[in-house]
Amino acid sequence: MESHNLKLLGLSQSQLENIAIQNGESAFRGRQIYQWIYRRGISKIDDITVLPKKWRNSLLEKRITVGALKEINRLKSEDGTIKLLLQSEDNELIETVGIPTRNRLTICVSSQIGCSMGCRFCATGKGGLQRSLKTSEIIAQFFAIKKAFKRAPSHVVFMGMGEPLLNIGQVLESIRCFNKDLDIGQRRITVSTVGVINQLPKLGELAIDCLGSAQFTLAVSLHAPNQELREALIPSAKQYTLDCLLKDCRHYIHLTGRRVSFEYILLGDLNDQVEHAEELANLVGGFQSHVNLIAYNPIVEETFQRPSKNRIYKFMDRLEERGVAVSFRKSRGLDKNAACGQLRRLHI
Ligand code: SF4
């Protein structure tokens, strides 16, 4: 591993031991770094005072840093949700969100800066993709949220900016780190995707290689019960049809032994009628799956409407009548630019 200009967050204990050895110290120094960055949450090499000062200086000269991100804005909603805007070393802006409940703190991490998928209902998709995030930048979001809440996140969802399946390597490395170094069970981690052609089988296979097993939850965003409506909402659906996506989901379930969650964003008068619920039930019937309904969060660039409560309940009822496991995810942080990518767009 090239040890110039290196970020330490995201590296395993054995990788840190190797870095210590490559830089003229014993493996023990690597274990000390591991303890101080993951257990104590230290964000600067110079603050790891257990390391000899001379060695700390030599690491800094080689531009080896922990990799923490600078917080440049923070919004707190009445429900306690905190959205942070973080700045990368190359001055890009990364959104991350902490969503607290009594028993858990969920962090919604970004996997890319911007996004190339262009989903019509999403603020992030409006500005295109800047670049994918490195593992250190994904893990740094955890520590930024931990600092904001003064407690560690218990659950991780890859539902922030970006399409995780276009950054699979770094996403899996991050899951390894969340799981092994930050003690978050794989089953408390969710990877959400709108689907990218050929990437679902790859995710399953690489996850088994990298993590030993793929026990995290895969959440696939359907958002429409038929091909025509899906194409109107998600441009990439033209190349990656619903039939192919569902076939890949079945393959993923077979490969990993895990059920898949389907996400469905309810857009008023567009995909929220009982007939749509019927179509959706036909689509996912017989699947080992769960459907999560989400009410649309308005963004300025589009005129989509939030669905009425009545429509939401009727939609849910119909799915339940058809034997589909369903839940409704309440929007959190609605008073503070809740939709993914909105805070960043106010700053660019
Ligand atoms: S919904 Fe997700 S995949 Fe679609 S544009 Fe937004 S960030 Fe990208």
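Rank these residues by their accessible area, most exposed first, probe 1.4 Å: PHE304, PHE328.
Final ranking, largest accessible area leading: PHE328, PHE304.
On a 0 to 90 degree scale, rounded to 10, what angle separates helix 242-256 from the longest Cα axis of the chain?
The angle comes out near 50 degrees.
I'd like the Karplus ³J(HN,Hα) series for segment 81-96: coefficients 6.51, -1.76, 1.60, θ = phi - 60°, whole numbers in Hz, and an x wherever there's a Gly or Pro.
4, 10, 10, 10, 10, 10, 10, 7, 4, 8, 6, 8, 10, 10, 8, 8
Using a 1.4 Å probe on the protein chains only, how many percent of the accessible area of segment 241-283 belongs to carbon and sulfur?
That share works out to 49 percent.
Using modelled backbone amide H atoms (1.01 Å from N, in-plane), which distant-in-sequence or interchain residues come within less than 5 Å of SER192's amide H?
Distant-sequence amide H within range of SER192: PHE158, ALA219.
Rounded, prolate or oblate: pick one for segment 13-61, where a ≥ b ≥ c are the square roots of the eigenvalues of its C-alpha gyration tensor, a/c under 1.5 means rounded, and failing that, prolate if a/b is larger than b/c, else oblate.
The shape class here is oblate.
Can you compute the helix-only [θ] at 222 nm over the chain? Use -39500 (n - 2.57) per DSSP H run of at least 4 residues, normalise by all residues, nearest 500 deg cm²/dmol.
The helix-only estimate for the chain comes to -10000 deg cm²/dmol at 222 nm.
Between 0 and 90 degrees, rounded to the nearest ten: what's the tilt of helix 274-284 against the longest Cα principal axis of the chain?
For helix 274-284, the angle is close to 60 degrees.
Can you work out the Karplus-derived ³J(HN,Hα) for every residue in segment 221-236? Use 6.51 cos²θ - 1.76 cosθ + 1.60 with θ = phi - 60°, whole Hz, and x for glycine or proline.
7, 8, 6, 8, x, 8, 4, 5, 5, 5, 4, 6, 9, 10, x, 5
Just flag the GluC sites (Glu not before Pro) in segment 3-94 sitting in loop per DSSP whose Cβ has no more than 10 other Cβ atoms within 10 Å.
GLU78
Enumerate the amide H contacts of GLN305 below 5 Å, restricted to partners 5 or more residues apart or on another chain; note that Pro and chain-start residues carry no placed amide H.
GLY268
Percent of accessible area on segment 13-61 owned by carbon and sulfur, 1.4 Å probe?
C and S atoms contribute 47 percent here.
What are the ³J(HN,Hα) values, in whole Hz, obtained from phi via the Karplus relation 6.51 cos²θ - 1.76 cosθ + 1.60 with θ = phi - 60°, for each residue of segment 207-219 in sequence order, with x given for Gly and Pro?
The phi angles translate into 5, 5, 4, 7, 10, x, 7, 9, 9, 6, 8, 9, 10 Hz.
Compute, for ARG329, the solvent-accessible surface of its heavy atoms (probe 1.4 Å) with the complete set of protein chains present, and express it in square angstrom to the nearest 10.
Here the accessible area works out near 80 Å².
Taking R0 as 35 Å, what FRET efficiency do you get between VAL50 and ASN103 from their Cβ-Cβ distance, rounded to the nearest 0.05? Walk me through the numbers before you get to the answer.
On the way: r = 34 Å, r/R0 = 0.98.
According to the calculation, E is roughly 0.55.
Give me the accessible area per residue for the chain, probe 1.4 Å, as a whole number in Å². Mind showing how you got there, number by number?
Values: 15340 Å² over 348 residues.
Per residue, the chain has an accessible area of 44 Å².
In the chain, what % of DSSP beta bridges are antiparallel (nearest 5)?
So the antiparallel bridges amount to about 40 percent of the total.
Between SER132 and residues 5 or more places away or on another chain, which pairs have amide H atoms under 5 Å apart, with H built 1.01 Å from N, and which residues are they?
ILE113
Greater than 28 Å separation of Cα atoms is the criterion. Which listed pairs, LYS62/LYS126; LYS7/LYS147; LYS70/LYS238, meet it?
LYS62/LYS126; LYS70/LYS238
Between segment 1-73 and segment 97-118, what is the C-alpha centre distance in whole Å?
Cα centroid to Cα centroid, the span is 26 Å.
The values are calculated or read from the model by the stated rules, or taken from the named source; none is laboratory data. These numbers were taken from a predicted model, which means no experiment stands behind them. No Cβ is skipped: glycine too gets one built from the backbone with ideal geometry, and neighbour counts run over all protein chains shown. For the accessible areas, the whole protein counts, side chains as well, though only heavy atoms, and no ligand, DNA or RNA atoms are used. Shrake-Rupley method; radii C 1.70, N 1.55, O 1.52, S 1.80 Å.
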